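Read the structure below first, then the notes.
The values are calculated or read from the model by the stated rules, or taken from the named source; none is laboratory data. Worth saying up front: this structure is predicted, and the values here are computed from it rather than measured. FYI the Cβ positions are ideal-geometry reconstructions off the backbone, even for glycines, and counts take in every protein chain you see. Ligands, DNA and RNA are excluded from the accessible area calculation, which covers all protein heavy atoms including side chains. Shrake-Rupley method; radii C 1.70, N 1.55, O 1.52, S 1.80 Å.
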Amino acid sequence: MKKTSKSQKPIIGIDLGTTNSSAAYIKDGQAEIIPSPGGERIIPSVVHVDRAGKVVVGQDAADALIAMPGRTIAAVKRKMGSEEHLEVAGKKLLPEEVSALILKELKEYADNLLGPGEKEAVISVPAHFADAQRKATKKAGELAGFTVERVINEPTAAAMAFGLSNLDQDQHILVYDLGGGTFDVSLVEMMEGVLEVKASAGDNNLGGEDFDWKLVELFVGNMEDKYGVNPMEDLRAKTLLKGEAERVKKELSVKETCSVNLPAVIVKDDQPLDLELEVSRNEFVELIKDSLEKTLGCVEQVLEDASLDPEEIDEVLLVGGSTRIPWVREALAENFSFGNKPRQDINPEEAVALGVAVQAGLKSGELAESGFIVTDVAPYSLGIAVLKGFQGIMMVPGGFHTIIPKNTTIPVTRSDRFSTAADGQTVVEIEVYQGEKEGTRDNYPLGEFLLSGIPPRPAGQEEVEVTFHYNINGILEVQARCVSNNKAMGVSLKDALDRKSEGSYKESLERLETIFDAAEEPSEEDMDDFLAGFQEMEEESQEGIKARLKKEALLAIADGKELLSRLPQKARKELAELLESLEGALEGPDEDLQEALNEVLDLLIEIDEGDENE
Ligand code: AMP
């Protein structure tokens, strides 16, 4: 029998993003995106449960966000690892359960393309995701029906996509990854086919979502000044403003100014209240400048940690949709003399998924012959709580002792010894933290457990050895051992957490199954509820639709009248007649108004195109 390095099953690479998600795989030695049956290469990370209980994921779910915010969830990645239950369509789901629904959708695309059956997946996470967030991501993948043995840091993945096609070059690469919810920057060295992450820095709560909310604040201030109402108290209005904010933000990436013209944001005393203002690119950048400058601070940090000067960076990869904001490219070029280095030929939204597929290909054996090797680092320092010292005979707690320093290459196992602090002490509490601060108060707690059974001896005469193993997934295992009797007592942190999560895994699966069941066979009751709800929704939205239609008609009339005097006689006559019928339709049924409006708009577009061609 001959040994083959290729496994039968391809492994899917998944970028589970705050805003968008996508999947990729290796085909003929190259990473390729797995499209949806409709041809979409990335899908919004939005989940909607319709009134028949059917789960809808992606663009259709994103489209439902404004009309049915109570049945729709977006940006769930920001909550990953927390125990907060999110309510959707009357059901309470954990963040990883919602993420599982997104991953299940991507699994269907993979099943369509590659055939049904069990699949393994590698899923990317922000480099600065903590232990609990990584575990929640793994759990989401498993709930979706994947086997997930690996999670991989997003900027490392992006560098891998690039590295695979540049294996023969030795270079330093800076990956600046600013997505919807998180920011990461990694400094990577490619040397003789080995990709080594040298340093990484970032912020788990900095991304395009925050920029949208800054614009929403601006909109709200405008409406409060003008009408004395706060539209944020209305869920529909809040969602509407958030959607508009994202549109404005994107437009400001290509234009210097953007007009906001949102009719009937909210109704007060039977009056629809509109939002109208102009936002300039400079004004927008001012709103988000603190966050953007923070990202530059992180770039400085990784350069310092890797002991490199900006001139030693050969390539700058911009990853994540928010890097389309022109300020990012400009600031990197100016502040670090990167000049034209930020590459133009990388699709910022696809780079991570393609890179995760490369990792998946290395794992499955499909890329074994490439000779590509990748090493990553621990993004945080990891350690335990120790005494700061004594004040008289009083112990002063709150000190932090690092066992694995930040940017240590992983996987890594490190041990340290600690001695008992009190006479006759038989128990020690091991409190595990991550972070860079001197005191535990300012670092992030990961978990704690007790080691008991230490022989009672005078203070300082018994030793406890604490061992940290940080694996390639960035997940930490901790064990404590009493040195004198050589027994590792108590439980390891990993066991403690896994035991807790095993029960919760079953519960999650059950909760999701009830959603899927509902999706497959809506009961008669559900259908009645659906129809009643639909009617209710229709009625509710009629008022808003009418107000918006009327507003659009009035705008079209104003535009049209302004244009009349500049038109040749024939066109002037035609437009004047249509404007007159539109004015006549203003108080009539919606359908007539819509029809008259369409006619005017068609003619205005025709005239506009005629002007452009001249
Ligand atoms: P990603 O996580 O890579 O899918 O990035 C999503 C984030 O990028 C979202 O916050 C988007 O609003 C943002 N984004 C996408 N396109 C643009 C653009 N042209 N200008 C500014 N932000 C954008």
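At a 1.4 Å probe radius, carbon and sulfur cover how many percent of the accessible area of the chain?
Numbers: 14010 of 29480 Å².
Whole-percent figure for carbon plus sulfur exposure: 48.
How would you classify region 382-492 from its alpha-carbon gyration tensor, with a ≥ b ≥ c the square roots of the eigenvalues: rounded for a/c under 1.5, else prolate if a/b is greater than b/c, otherwise oblate?
Working: a/c = 2.30, a/b = 1.31, b/c = 1.75.
Since a/c reaches 1.5 but b/c is at least a/b, the shape of region 382-492 is classed as oblate.
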**Prompt:** Counting every Cα pair in region 5-98, what percent are over 20 Å apart?
**Reply:** 45
**Helix axis angle, 326-335 relative to the chain longest principal axis, alpha carbon, degrees** = 50
**Message:** Please list, in order, the residues from region 31-71 whose amide nitrogen is less than 14 Å from a point placed 7 Å along the Cα→Cβ vector of residue 87.
**Reply:** 69-71
**Packing-based ranking, highest mean first, of 238-251, 372-385, 120-133, 325-338 given that Cβ atoms within 10 Å are counted** = 120-133, 372-385, 238-251, 325-338
**region 127-275, relative contact order [Cα under 8 Å, separation at least 6], %** = 14
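Mean residue ellipticity at 222 nm from the helices of the chain, using -39,500 (n - 2.57) per DSSP H segment of n ≥ 4 over the full residue count, to the nearest 500 deg cm²/dmol? Could the numbers behind the result be given before it?
Values: 13 runs with 249 residues, N = 614.
Dividing the helical sum by the residues of the chain leaves -14000 deg cm²/dmol.
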**Item:** Segment residue 234-residue 567, extension gain: residue separation times 0.36 nm, minus the distance between their alpha carbons
**Value:** 115.5 nm
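So for region 382-492, averaging the separation of alpha carbon pairs under 8 Å that are six or more residues apart and normalising by length, what relative contact order in percent results? Please report the intermediate quantities before stating the final value.
Numbers: 246 pairs, mean separation 28.1, N = 111.
After rounding, I find 25 percent.
Over all distinct Cα pairs, what is the inverse of the mean 1/r for the chain, reported as the Kirkwood hydrodynamic radius in Å? Kindly include the intermediate steps, with their values, before the conclusion.
On the way: mean 1/r = 0.0363 Å⁻¹.
So the Kirkwood estimate lands at 27.5 Å.
Mind giving me the FRET efficiency for residue 576 and residue 261? R0 is 25 Å, r the Cβ-Cβ distance, nearest 0.05 is fine. Walk me through the numbers before you get to the answer.
On the way: r = 25 Å, r/R0 = 0.99.
Approximately 0.50, to the nearest 0.05.
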**Request:** In nm, give the distance between the simple-model label positions of residue 269 and residue 343, each being 7 Å from the Cα along the Cα-to-Cβ direction.
**Result:** 6.0
**Prompt:** Going by alpha carbons, how many degrees (0 to 90, nearest 10) lie between the helix axis of 208-227 and the longest principal axis of the chain?
**Reply:** 40
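Taking region 149-304 on its own, what percent of its Cα-Cα pair distances exceed 26 Å? Could you put the intermediate results ahead of the total?
Numbers: 5389 of 12090 pairs.
Every Cα pair in region 149-304 considered, those over 26 Å come to 45 percent.
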**Item:** Whole-number accessible area per residue in Å² for the chain, which is evaluated in the context of all protein chains at 1.4 Å
**Value:** 48
**Message:** Just want to confirm a number: the relative contact order over the chain, from Cα pairs under 8 angstrom separated by 6+ residues, in percent.
**Reply:** 14
**Request:** Please determine, in degrees from 0 to 90 and to the nearest 10, the orientation of helix 281-305 with respect to the longest principal axis defined by the Cα atoms of the chain, where the helix direction is its Cα long axis.
**Result:** 20
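Cβ neighbours within 10 Å, averaged per peptide: list 180-189, 596-605 in order, most packed at the top.
Numbers: 180-189: 27.0, 596-605: 16.9.
Sorting 180-189, 596-605 by mean packing, highest first, produces 180-189, 596-605.
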**Message:** With +1 assigned to the C-beta of every Lys and Arg and -1 to the C-beta of every Asp and Glu, and no other charges, what is the dipole magnitude of the chain about the Cα centre in debye, to the nearest 20?
**Reply:** 2960
